[in-house]
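Worksheet for the structure shown next.
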Amino acid sequence: MMAASVSVPLLGVVDTAILGHLDSSDYLAAVNIGVTAMNMLIWGFGFLRMSTVGLVAQASGEQNETLKAEHLARALSVALALGVVVVLSQFAWLPALLWLLADGGQSEILARQYLKIRLWSVPFHLLLFVINGYFLAVDRARLVLWLTLISQVGNMVLDYLLVMVFHLDVRGVAWGSLVSQGLATVFGIRWLLRESYLTGELWRQRHQWWHRTHLKALFNLNSDVFIRTLCLMTVFALMTRFSAEQGPLILAINAVLLNFFYLTSYALDGYAHAIESISGRLYGQKDWSALSLAVKSVFKVSAVVALLMSFTFLLSGSGIVSLLTDLSQVRHGAEDYLIWVYLLPVAAMLGFIYDGLCVGITASKIMRNAMLVATLLAFLPAWYISGLWMPTADDNHRLWAVFTLFFIIRGLMMHLMVRHQYGQLVTKI
């Protein structure tokens with residue numbers, strides 16, 4: 001699961017490295033805007049994977065094969081419908097999204113070109129959320145790894161060909177992502193059919209997919225996860241917006257630095273995905289002692305991994321920046337802010353692992369409430385209050401400081417809420 005997760009941000013690293021070696025920082029700034037916009041959309045539907053993992057894992061723990069199949073079919077249908085709606089309605093919301101993220105100029109023009117192509121990949125992304133979530137829930141993580149490798153390796157090869165050989169700049173990056181996501185989706189559907197997770201009998205019983213009780217469980221969970229994800233989207237959108245207000249150079253610098261965070265988050269997400277599947281199954285079996293042991297084990301290993309990542313970034317941060325871009329202004333500017341890269345793995349670890357636990361035991365309200373507190377009572381007030389108290393401070397240092405604070409508060413709030421509500425299940429965490 002960790003291998004599958006870590007391969008995801010490598011796509012962004014390769015995109016940054018290729019565009020970072022072109023002759024203008026506008027390309028880096030544009031892909032920062034475009035990728036943030038896509039992340040906002042895709043993360044907004046992250047409940048599809050989370051709900052699939054939680055509900056299917058619990059059905060698996062109950063050994064209810066029929067319910068597992070119905071959860072899969074329901075989620076695939078919803079994912080496809082939502083993806084088509086997003087693509088067809090882009091004319092209505094895309095201008096507003098670009099206005100929110102960008103601050104005009106050439107970088108916004110390039111970002112628009114990127115998004116007009118990349119948006120067609122949204123249905124594939126959403127279907128892969130469900131497919132990956134199902135494979136995780138039924139302990140087929142190796143298939144998730146293969147799907148991720150198909151997507152990421154395909155994207156890397158296409159990026160290089162379309163940008164460096166055919167000189168399509170940001171359009172080449174967008175086409176690479178679209179084609180590779182489509183290819184991975186085809187393989188995923190094929191494996192679901194081959195493994196008989198999708199069958200003709202399931203289709204003939206499709207009227208049962210929409211049983212009121214299961215629909216209510218799906219949408220109750222999804223509403224909380226959607227609010228949680230909306231807060232996360234808001235924080236990343238504001239990171240991009242506040243970066244753009246400082247100029248295209250800072251926007252390009254932060255595009256490089258965010259790759260360190262993406263590597264961190266997806267590495268820790270590997271353990272979060274593991275505890276999603278394990279805790280969901282054990283929760284369904286009502287095996288509380290095994291659940292407690294699993295949670296404590298994941299926290300210990302994740303803490304070690306976070307410390308190792310911080311130490312690795314400390315030793316090799318400048319070298320990684322040099323690999324990502326040879327634009328001297330961007331490279332030297334990024335080195336001034338590497339201190340935040342060193343701190344983020346440890347600051348963010350707690351929240352990622354608790355997310356996984358809450359998905360597995362379907363404690364979505366804890367995820368929602370912790371994220372609301374971290375966004376509305378930490379990130380936003382800290383940004384504006386620090387601007388009043390320290391008007392001469394470097395704005396980008398201030399931005400990274402409140403970004404780090406956001407993750408610390410999120411993790412601490414989840415810790416307190418889980419201990420309060422589920423202390424009898426996961427004691428002495």
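Could you say whether any residue in the stretch 365-377 is at pLDDT 95 or above, of a type outside the set (Lys, Arg), under 21 Å from Ser310 (Cβ atoms) and crowded, with 18+ Cβ neighbours inside 10 Å?
Taking every residue of the stretch 365-377 in turn, at least one turns out to be at pLDDT 95 or above, of a type outside the set (Lys, Arg), under 21 Å from Ser310 (Cβ atoms) and crowded, with 18+ Cβ neighbours inside 10 Å.
Among the residues of the stretch 67-86, write down those that are open to solvent by 10 Å² or more (accessible area, probe 1.4 Å) and in contact (Cβ under 8 Å) with a residue 24 or more places away in the chain. Walk me through it before giving the result.
Keep residues of the stretch 67-86 that are open to solvent by 10 Å² or more (accessible area, probe 1.4 Å), which gives 67-71, 76-78, 80-82, 84-86.
Hits for the stretch 67-86 are Leu67, Lys68, Ala69, Glu70, His71, Leu76, Ser77, Val78, Leu80, Leu82, Val84, Val86.
Answer yes or no: is there a residue in the stretch 252-274 that is in contact with an Asp or Glu (Cβ under 9 Å, 6 or more places away or on another chain), surrounded by 23 or more Cβ atoms within 10 Å (Cβ to Cβ) and at pLDDT 90 or above.
There is at least one residue in the stretch 252-274 that is in contact with an Asp or Glu (Cβ under 9 Å, 6 or more places away or on another chain), surrounded by 23 or more Cβ atoms within 10 Å (Cβ to Cβ) and at pLDDT 90 or above.
Quick one: which residue in Ala393, Ala370, Ala348, Ala374 is part of a loop (DSSP other than H, G, I, E, B) and among the small types (Gly, Ala, Ser)? Show your work before the answer.
Working: Ala370 fails: part of a loop (DSSP other than H, G, I, E, B); Ala348 fails: part of a loop (DSSP other than H, G, I, E, B); Ala374 fails: part of a loop (DSSP other than H, G, I, E, B).
Of the residues listed, the single one that is part of a loop (DSSP other than H, G, I, E, B) and among the small types (Gly, Ala, Ser) is Ala393.
Do we find that Ser107 is crowded, with 24+ Cβ neighbours inside 10 Å and hydroxyl-bearing (Ser, Thr, Tyr) in this structure? Show your work before the answer.
Values: crowded, with 24+ Cβ neighbours inside 10 Å: yes; hydroxyl-bearing (Ser, Thr, Tyr): yes.
So Ser107 passes the test.
Across the stretch 202-251, which residue is least open to solvent (accessible area, probe 1.4 Å) among those that are modelled with pLDDT of 85 or more and part of a loop (DSSP other than H, G, I, E, B)?
Gly247
What's the number of the condition Leu19 fails, among (1) farther than 25 Å from Val359 by Cα; (2) open to solvent by 10 Å² or more (accessible area, probe 1.4 Å)?
With (1) farther than 25 Å from Val359 by Cα; (2) open to solvent by 10 Å² or more (accessible area, probe 1.4 Å) applied to Leu19, the lone miss is (2).
For the stretch 295-337, give me each residue that is in contact with a helix residue (DSSP H, G or I) (Cβ under 9 Å, 6 or more places away or on another chain) and not in a helix (DSSP H, G or I).
Thr325, Leu327, Asp336, Tyr337, listed by residue number.
What number of residues within the stretch 351-403 are among the charged types (D, E, K, R) and farther than 30 Å from Gln285 by Cα?
Residues of the stretch 351-403 among the charged types (D, E, K, R): 355, 365, 368, 394-395, 398.
After this cut, where a residue has to be farther than 30 Å from Gln285 by Cα as well, the list is 394-395, 398.
Within the stretch 351-403, residues that are among the charged types (D, E, K, R) and farther than 30 Å from Gln285 by Cα number 3.
Scan the stretch 110-121 for residues that are open to solvent by 60 Å² or more (accessible area, probe 1.4 Å) and among the hydrophobic types (A, V, I, L, M, F, W, C) and report the count.
Taking the stretch 110-121 as the starting set, the residues that turn out to be open to solvent by 60 Å² or more (accessible area, probe 1.4 Å) are 112-113, 116, 120.
In the following step, the residues that additionally are among the hydrophobic types (A, V, I, L, M, F, W, C) were identified as 120.
Looking only at that region, the number is 1.
Within the stretch 52-71, does at least one residue satisfy the condition of being at pLDDT 75 or above, under 17 Å from the mean Cα position of the chain (by Cα), part of a helix (DSSP H, G or I) and of a type in the set (Val, Ile, Thr)?
Scanning the stretch 52-71 turns up at least one residue that is at pLDDT 75 or above, under 17 Å from the mean Cα position of the chain (by Cα), part of a helix (DSSP H, G or I) and of a type in the set (Val, Ile, Thr).
Counting just the residues of the stretch 111-127 that are among the hydrophobic types (A, V, I, L, M, F, W, C) and modelled with pLDDT of 90 or more, which one comes out nearest to Leu162 (Cα to Cα)?
In the first step, residues of the stretch 111-127 are kept if they are among the hydrophobic types (A, V, I, L, M, F, W, C); the result is 111, 115, 117, 119-120, 122, 124, 126-127.
Filter once more, keeping what is modelled with pLDDT of 90 or more: 115, 117, 119-120, 122, 124, 126-127.
Details: Leu115: 16, Ile117: 14, Leu119: 18, Trp120: 18, Val122: 21, Phe124: 21, Leu126: 25, Leu127: 25 Å.
Applying the filter and picking the extreme gives Ile117.
Identify all residues within the stretch 262-297 that are touching a residue at least 24 places away in the same chain (Cβ under 8 Å) and of a type in the set (Lys, Arg); write none if there are none. Give the derivation first.
If we filter the stretch 262-297 for residues that are touching a residue at least 24 places away in the same chain (Cβ under 8 Å), which is where we start, we get 262-285, 288, 291-292, 295-296.
Listed by number, the residues that qualify are Arg281, Lys296.
Which pairs do you get when a residue that is within 18 Å of Ser24 (Cβ to Cβ), found in the stretch 151-174, comes within reach of a residue that is among the polar types (S, T, N, Q), reach meaning Cβ atoms under 8 angstrom, with the pair 6+ apart or on two chains?
Final answer for the pair search is Val170/Gln113; Arg171/Gln113; Ala174/Gln113.
Which one of Val298, Val359, Val330 is in contact with a Phe, Trp or Tyr (Cβ under 9 Å, 6 or more places away or on another chain), among the β-branched types (Val, Ile, Thr) and open to solvent by less than 60 Å² (accessible area, probe 1.4 Å)? It would help to see each step written out before you state the result.
Details: Val359 fails: in contact with a Phe, Trp or Tyr (Cβ under 9 Å, 6 or more places away or on another chain); Val330 fails: in contact with a Phe, Trp or Tyr (Cβ under 9 Å, 6 or more places away or on another chain).
Just a single option satisfies the conditions, and that option is Val298.
Among Met371, Met367, which is closer than 23 Å to Thr264 by Cβ and touching a Leu at 6+ places or on another chain (Cβ under 9 Å)? Outline the logic, then answer.
Working: Met367 fails: touching a Leu at 6+ places or on another chain (Cβ under 9 Å).
Just a single option satisfies the conditions, and that option is Met371.
Filter the stretch 342-394 down to the residues that are without any contact (Cβ under 8 Å) to a residue 60 or more places away in the chain and among the aromatic types (Phe, Trp, Tyr) and list them by number.
Tyr342, Tyr384, Trp389 - these are the residues of the stretch 342-394 that are without any contact (Cβ under 8 Å) to a residue 60 or more places away in the chain and among the aromatic types (Phe, Trp, Tyr).
The values are calculated or read from the model by the stated rules, or taken from the named source; none is laboratory data. Note that the structure is a prediction, hence the values are computed from the model and not measured. All Cβ positions, even for glycine, are placed from backbone atoms using ideal geometry, and neighbour counts span all protein chains on display. Note: areas computed on protein heavy atoms with side chains; ligands, DNA, RNA excluded. Shrake-Rupley method; radii C 1.70, N 1.55, O 1.52, S 1.80 Å.
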